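Student: The structure is given below, and queries will be raised subsequently.
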Amino acid sequence: MAKTYDYLFKLLLIGDSGVGKTSILFRFSEDAFNISFISTIGIDFKIRTIDLDGKKVKLQIWDTAGQERFRTITTAYYRGSMGIMLVYDVTNEKSFENIKNWIRNIEENASADVEKMILGNKCDLDSKRQVSKERGEQLAIEYQIKFVETSAKDSLNVEYAFFTLARDIKAKMEKKQEASNPAPRTGGHQLRANEQQRKPTSWLSRCSLL
Amino acid sequence: MSSSSVDEITEQTKDLFTQDGVLLKAAMGRMVQDLNSIGMLCIVQNGDGTKCIEWRPNDLITIDSDTQDQEWAVVNTIGRRQRTLSGNMTSDYATARARIIKIPLEDLKTFRVTRNNQQMQFSTKPGVWQTTFYFQHGNAEIFVAYLKNHVKTAKTRHDRNTYVVVEPNIETQVLNRSFAELDIFTENTTDVVWNLVSNFKQRPYETTMEAFSKLTDIVYYGNEGMNGKRDVSEEVADLLTKSMSALEDSTTVTRTGEYEVVSVKPTLPPRPCIPRGTPLSTEKWEGLQDTEGRVTEVEGVKQLIFRGGVAHSIRQSVWKYLLDYYPWRMTHSELRSLQRKRTEEYFSMKLQWRSMTDGQEARFSEYRDRKSLVEKDVNRTDRTHPFFAGDNNPNLIVLQDILMTYVMYNFDLGYVQGMSDILAPLLLLMGNEVDSFWCFVGFMDKIASNFDMDQAGMKHQLLQLQQLLLFASPELAQHLQQKDSGNMYFCFRWLLVWFKREFSHRDIMRLWEVLWTGLPCSNFHLLVCVAILDAEKDIFISKDYGFTEILKHVNDLSMCLDVDRILSSAEGIYHQVVSAPHLTDQIRIILGIPPLNTTTSTSSDEATTSQSVQQANGTGDGSAEAAERDMEEDTLEYDGIQIKIVTKTVWALLA
Ligand SMILES: Nc1nc2c(ncn2[C@@H]2O[C@H](COP(=O)(O)OP(=O)(O)OP(=O)(O)O)[C@@H](O)[C@H]2O)c(=O)[nH]1
Ligand SMILES: [Mg+2]
C-alpha cells in the first residue's frame, strides 16, 4: 500500500492530570471540545496528517494519563518520541510548578534530541488564572523551549502549537541529513535513504518516505 | 597444515551441555551481522579442566559436524569429544571460529533470566550485561539448572531473576562436596529414581534434560565422587529406560537418517464450550436464605452467580454480600444494627473533612492535592449516563462526597484515578451514599494493589497475564513479544478498573458480579483478558499488527465486546489450562491452585498427572474435565461437562 504521507512524527502530550491534554488532542484531531471528557487511563493516540511546506506530515500523537502514580507505565511509551508537548493549566499553580519535574522525566526517559514545547492551557479562564503569561514565558526562556498559551475550549493556538512543533522537528531532521551527507543535495530522498541505513535505530528511521 | 600443533591439545574440549536454537541478541563489541543469528549455547570443558559457556553460530556448527543440529544433542555429547582443529582448517572455518563467544565460568559474575525464562544474560563485570541470548526452543530453565551444577549461585534479593555466582567452578573443588551439591544419589537412590520418573510425567522435557545433565557427570567422573557408595549403574539404566519410554509416550519422534528429531509440542486439551446460565432470580435468592435471613448456601450462591450473574431486581441486595459489606450469615436484625453502625461511622468520617476550615486546608497540601484530583475526576465520570449528566447534577456531589470520605478512610492510599470509575456503577445501583461507600470499600479491598504507589500490583498482574497467555495462547504471546508488546501494557486500562471502560453499564454489572465470586479460580479476571485477546489473535497475527496497531486495536475494542461470550470462553480456557498435562506450578500459583511440590510428589499427585498424560495421548475430545473426576465428590454433569458444584440443592436450582 502506498504511503499517503512524506513523514511520520511521533509526538507526546504530558503534564499533570486535568490540565487538558486529552482536550487539546481532541481539539486538534476532531476540532471539538467536550467539557465532561473522561480522564485518561493508560495511554492512547490519535492521528492527524497535516500539510507542512508542501510535505504531508502524519502526526501520531500520544496521550498519557497525568497522575504521577502511572508514570512508570506511561514512560514506556516515551521511547521513539520526536516531539513532546508539556502542558500545564494556567488556573492551577501546582501543574505549572510540576513542569520542571516533567522536564526531568523527559530527560530520563526520552531521547536527548527530542523537540519540546510548553503549553499553558485553559487561557480562556482568565478569572481563575493563577499563573501569569509572563511566568510561563520566563520558564520557557530558562529551559530554552518554545511556549504558547492555549485554550482547547476556544480553539486558541492549538493548531499553531502542533504546527510549530512539527515544523521544528522537520527542520532539525533535514539539518541532520545535510550534516551527515555534505554532498550537494540532488534529491532529499536519496539522502534520507542513506541516513536510514547508517543509523537504523535512530529516531530518524521512523520517518517514512512517500 | 598437516603437522599437529599445540592447538590440538588445548582444543581438546568436551561439550558438557548444549542447547540449540539460541539467538544471540546482544553482545558487546560484536559484529552486527552476528546479532540475531541462531546458534548453540553450550557448557564446555576445556582440555585443562576449566569450563566455559560457549555460543557457536549455526553455520559453524555445520562445519563442526559431530554435533547434530537438534535440541537433544546432549545425548551425543555425554562422552568425551575431541575436536582436531589443526587438521583441515579452512579460512572460512577460522573466521567462523572467531565468531564463537566464550565466557569462562571462572569469570562469570552474574546471570539473569528474563522474558518469561526465554532470555538469558551474562555478565563478567558488575553493572554490564555483556551478552544476551534468546532461547527459541523452550526456555532457559534447563540451561540454568545445568549451569547451577557448575557454579554455585545465589539469587539477589531485589531481583528474583538475577543470579550471582558465589563460587565459580564447583567441580574444581572437592568432588565429594560437589556431588552433595548436585543433590543426586546422596539420598536413597530408589527415591531419586522414583521422583525423577514422577517429575518426568509432569515435565518430561526438563526432567530428562536434568537427568542427563546429572548423568553426564556420573559418566565422566565415574564413581570417584561416590565415596564408597554402591554402584549406581543399575539405577541409572533403569532411570533412563523409564524416562525414555515415558518420553516416547508424550512426544513425537521422527526418525530421519541417523539421528532422531524429538519435538515436544505441548498442546492444550480442546476448549469446552460452557453455556452461561440464567441470572440468580429473586425466588432462588430467597430460597437460599433461612427464615431469619441468613444465607445458608454461600458457595452455592456464588456458583449460581458465577454461572449467570444476578437478576437486576435483587442486585442492590446481593452486591452488598458479594462486596463483603454484609456478612453472609447475619440475620436481618443483625444486618440492621450493622447498617446503623456503618452509617454512623461513615458520617463521622465525612464530618472530618467537611469540618476542615479554609485555613486548615491551606496548610494541608496532601489533603488539598487529593481533593483536587477528586474534583477533576468527578466532573469526568460517566457524564453521558443520565444519572450523572447535566450541570449541577446532585449525584455528582454524592460521588465527590463518597470519594472524599474514602480519602479520610484510607488517607495513605488517597485518591487515585480510576477510583471514580469503580464507584460510579455502585452509586448508580445503590442510590444511597452510605451503602455505596461501604460497597466501594469492599471493591477497593479486592483491587487495592491496582493503586499501589509504585504500581507494583499492576506490574505483577501484567506479568501474570503474560505468563497465562503464553500458556493458553502461545502463538499470540509470541507474536506480542516479537512486537515489543510482551509487557502487556496495552491491557493496563482493563486491569486497573476491571474492564469498566470496555463495557456498557449493563454489561459491567454482569461482569463484575461474576468476578466478585472468586470462581472458578483466583485471578479469573486475567483469564477474561486472555479470552478477549485470544478472540483477536487471528487479526493480530494475520495482519501482522505491531506495537502501535496492537494498542489501537485493543483500545478500540471498548464497547464492542460481548460479555457473555467472553465469560464463556474465559471459563473454557480455564478448563483447558487446568487439565493440560503440562500445567506448570507457575500457572497453578497464578490460578490459586496448590503447586505440586516437584521433589516430594505424593501418590495422589502421581495419579492425577498420569491420568493427564493419558488424556493428552487419547483422542482428547470432551475429556478435559476427567482429571477432576476423582478429586471432587460433588462434580456433576451439565450438558456433557463436568462442573464442580457444592450441593445438590444448588444443582437442582441451576437446572
Ligand atoms: N475552560 C477550559 N477547560 C478546559 C480546557 N481544556 C480542558 N479543559 C477541561 O479540563 C478538564 C480536564 O481536561 P482533560 O483534557 O481531560 O485533562 P487531561 O490532561 O487529559 O487529564 P488526564 O487524562 O487525567 O491526565 C476537563 O473537564 C476539560 O473540559 C480549556 O482550554 N478551557
Ligand atoms: Mg487525558
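The values are calculated or read from the model by the stated rules, or taken from the named source; none is laboratory data. Quick caveat, the model's predicted, so the values are computed rather than measured. Don't worry about glycine lacking a Cβ; one is built from the backbone with ideal geometry, like all the others, and counts go over all protein chains shown.
Student: Are any residues in the range B:370-429 over 37 Å from the mean Cα position of the chain (by Cα) and of a type in the set (S, T, N, Q), and if so, which ones?
Tutor: Within the range B:370-429, B:Ser372, B:Asn379, B:Thr384, B:Asn392, B:Asn393, B:Asn395, B:Gln400 qualify.
Student: Could you grab me the full set of residues in the range B:287-308 that are farther than 21 Å from B:Ser333 by Cβ and surrounded by fewer than 17 Cβ atoms within 10 Å (Cβ to Cβ)?
Tutor: Answer for the range B:287-308, where residues must be farther than 21 Å from B:Ser333 by Cβ and surrounded by fewer than 17 Cβ atoms within 10 Å (Cβ to Cβ): just B:Glu299.
Student: If I go through the range B:535-555 residue by residue, how many of them are in a helix (DSSP H, G or I) and of a type in the set (Gly, Ala, Ser)?
Tutor: Initially, the range B:535-555 is screened for residues in a helix (DSSP H, G or I), giving B:535-542, B:547-555.
In the following step, the residues that additionally are of a type in the set (Gly, Ala, Ser) were identified as B:535, B:542.
The total comes to 2.
Student: If the Cβ limit is 7 Å and pairs must be 6+ apart or interchain, which residue in the range B:274-294 that is farther than 22 Å from B:Leu511 by Cβ pairs with which residue that is part of a loop (DSSP other than H, G, I, E, B) and at pLDDT below 95?
Tutor: B:Leu288/B:Thr296; B:Leu288/B:Glu297; B:Gln289/B:Thr296; B:Asp290/B:Thr296
Student: Considering only residues that are among the aromatic types (Phe, Trp, Tyr) and surrounded by fewer than 17 Cβ atoms within 10 Å (Cβ to Cβ), look in the range A:137-160 and name the one that is nearest to ligand 2 (Cβ to nearest atom).
Tutor: To start, the set of residues in the range A:137-160 that are among the aromatic types (Phe, Trp, Tyr) comprises A:143, A:147, A:160.
Still in the running and surrounded by fewer than 17 Cβ atoms within 10 Å (Cβ to Cβ): A:143, A:160.
Working: A:Tyr143: 23, A:Tyr160: 21 Å.
So, considering only residues that are among the aromatic types (Phe, Trp, Tyr) and surrounded by fewer than 17 Cβ atoms within 10 Å (Cβ to Cβ), the one nearest to ligand 2 (Cβ to nearest atom) is A:Tyr160.
Student: Just to be sure, is A:Ala140 more than 14 Å from ligand 1 (Cβ to nearest atom), in a helix (DSSP H, G or I), under 24 Å from B:Met453 (Cβ atoms) and touching a Phe, Trp or Tyr at 6+ places or on another chain (Cβ under 8 Å)? So that I can check it myself, show each step before the final result.
Tutor: Numbers: more than 14 Å from ligand 1 (Cβ to nearest atom): yes; in a helix (DSSP H, G or I): yes; under 24 Å from B:Met453 (Cβ atoms): no; touching a Phe, Trp or Tyr at 6+ places or on another chain (Cβ under 8 Å): yes.
Against the criterion (more than 14 Å from ligand 1 (Cβ to nearest atom), in a helix (DSSP H, G or I), under 24 Å from B:Met453 (Cβ atoms) and touching a Phe, Trp or Tyr at 6+ places or on another chain (Cβ under 8 Å)), A:Ala140 does not qualify.
Student: Which of the residues that make up the range A:1-39 are among the aliphatic types (A, V, I, L, M) and either more than 7 Å from ligand 1 (Cβ to nearest atom) or surrounded by fewer than 24 Cβ atoms within 10 Å (Cβ to Cβ) (or both)? Break it down into steps so the answer makes sense when it comes.
Tutor: If we filter the range A:1-39 for residues that are among the aliphatic types (A, V, I, L, M), which is where we start, we get A:1-2, A:8, A:11-14, A:19, A:24-25, A:32, A:35, A:38.
Matches in the range A:1-39: A:Met1, A:Ala2, A:Leu8, A:Leu11, A:Leu12, A:Leu13, A:Ile14, A:Leu25, A:Ala32, A:Ile35, A:Ile38.
Student: Continuing with the same structure: Have a look at B:Ser558, B:Ser568 and point out the one that is in the same structural domain as B:Gln482 (by TED's automatic domain parsing) and part of a loop (DSSP other than H, G, I, E, B).
Tutor: Working: B:Ser568 fails: part of a loop (DSSP other than H, G, I, E, B).
Criteria check complete, one pass: B:Ser558.
Student: Something else now. Could you tell me whether B:Ile566 is more than 14 Å from chain A (Cβ to nearest Cβ), within 14 Å of B:Phe499 (Cβ to Cβ) and buried (at least 21 other Cβ atoms within 10 Å of the Cβ)?
Tutor: Yes; evaluated as a whole, the condition is true for this residue.
Student: Now for a separate question. Restricting attention to the range A:85-95, does a residue exist that is outside any strand (DSSP E or B) and closer than 19 Å to A:Thr164 by Cα? Write out each step before concluding.
Tutor: Taking the range A:85-95 first, the residues outside any strand (DSSP E or B) are A:90-95.
Those still in the list that are closer than 19 Å to A:Thr164 by Cα too: none.
Checked against the condition, which is being outside any strand (DSSP E or B) and closer than 19 Å to A:Thr164 by Cα, the range A:85-95 yields no hits at all.
Student: Working only within the range A:50-74, note down all residues that are over 14 Å from the mean Cα position of the chain (by Cα) and either within 10 Å of ligand 1 (Cβ to nearest atom) or within 13 Å of A:Leu11 (Cα to Cα) (or both).
Tutor: Once the filter is applied, which keeps residues that are over 14 Å from the mean Cα position of the chain (by Cα) and either within 10 Å of ligand 1 (Cβ to nearest atom) or within 13 Å of A:Leu11 (Cα to Cα) (or both), the range A:50-74 yields A:Ala65, A:Gly66, A:Gln67, A:Phe70, A:Thr74.
Student: Something else about it: Residues to consider are A:Glu97, A:Glu134, A:Glu115; find the one that is without any contact (Cβ under 8 Å) to a residue 24 or more places away in the chain, away from ligand 2 (no atom under 16 Å from the Cβ) and more than 14 Å from chain B (Cβ to nearest Cβ).
Tutor: Working: A:Glu97 fails: more than 14 Å from chain B (Cβ to nearest Cβ); A:Glu115 fails: without any contact (Cβ under 8 Å) to a residue 24 or more places away in the chain.
Of the residues listed, the single one that is without any contact (Cβ under 8 Å) to a residue 24 or more places away in the chain, away from ligand 2 (no atom under 16 Å from the Cβ) and more than 14 Å from chain B (Cβ to nearest Cβ) is A:Glu134.
Student: Something else: Hey, does the range A:69-79 have a residue that's farther than 27 Å from A:Arg129 by Cα and in contact with a Leu (Cβ under 6 Å, 6 or more places away or on another chain)?
Tutor: no
Student: Restricting to the range B:481-506, give me the number of residues that are in a helix (DSSP H, G or I), within 14 Å of chain A (Cβ to nearest Cβ) and under 13 Å from B:Gly546 (Cα atoms).
Tutor: 1
Student: Something else: Scan the range A:11-64 residue by residue and report those that are within 13 Å of another protein chain (Cβ to nearest Cβ), of a type in the set (A, V, I, L, M) and part of a loop (DSSP other than H, G, I, E, B).
Tutor: A:Val19, A:Ile35, A:Ile38, A:Ile41 - these are the residues of the range A:11-64 that are within 13 Å of another protein chain (Cβ to nearest Cβ), of a type in the set (A, V, I, L, M) and part of a loop (DSSP other than H, G, I, E, B).
Student: On to the next question. Considering only the range B:140-152, how many residues are buried (at least 20 other Cβ atoms within 10 Å of the Cβ) and of a type outside the set (A, V, I, L, M, F, W, C)? It would help to see each step written out before you state the result.
Tutor: From the range B:140-152, those buried (at least 20 other Cβ atoms within 10 Å of the Cβ) are B:140, B:142-143, B:146-147, B:149-151; that's our starting set.
Adding the requirement that they be of a type outside the set (A, V, I, L, M, F, W, C) leaves B:146, B:149-150.
Matching residues across the range B:140-152 total 3.
Student: Can you find, within the range A:1-52, the residue that is farthest from A:Met82 (Cα to Cα) among those that are away from ligand 2 (no atom under 12 Å from the Cβ) and among the hydroxyl-bearing types (Ser, Thr, Tyr)?
Tutor: By that ranking, first place goes to A:Ser36.
Student: Among the candidates B:Gln461, B:Gln478, B:Gln467, which residue alone is without any contact (Cβ under 8 Å) to a residue 12 or more places away in the chain, assigned to a helix (DSSP H, G or I) and away from chain A (no Cβ under 11 Å)? Reasoning before the result, please.
Tutor: Working: B:Gln461 fails: without any contact (Cβ under 8 Å) to a residue 12 or more places away in the chain; B:Gln467 fails: without any contact (Cβ under 8 Å) to a residue 12 or more places away in the chain.
Unique residue meeting the criteria: B:Gln478.
Student: If I go through the range B:375-394 residue by residue, how many of them are within 13 Å of another protein chain (Cβ to nearest Cβ) and either assigned to a helix (DSSP H, G or I) or charged (D, E, K, R) (or both)?
Tutor: Total meeting the criteria: 8.
Student: For the range A:53-71, how many residues meet the condition of being within 13 Å of ligand 2 (Cβ to nearest atom), hydrophobic (A, V, I, L, M, F, W, C) and touching a residue at least 40 places away in the same chain (Cβ under 8 Å)?
Tutor: Our first condition is that a residue be within 13 Å of ligand 2 (Cβ to nearest atom); within the range A:53-71, this holds for A:61-67, A:70.
If we keep only those that are hydrophobic (A, V, I, L, M, F, W, C) too, we end up with A:61-62, A:65, A:70.
Narrowing the set further to residues that are touching a residue at least 40 places away in the same chain (Cβ under 8 Å) leaves A:61-62, A:65.
The qualifying residues number 3.
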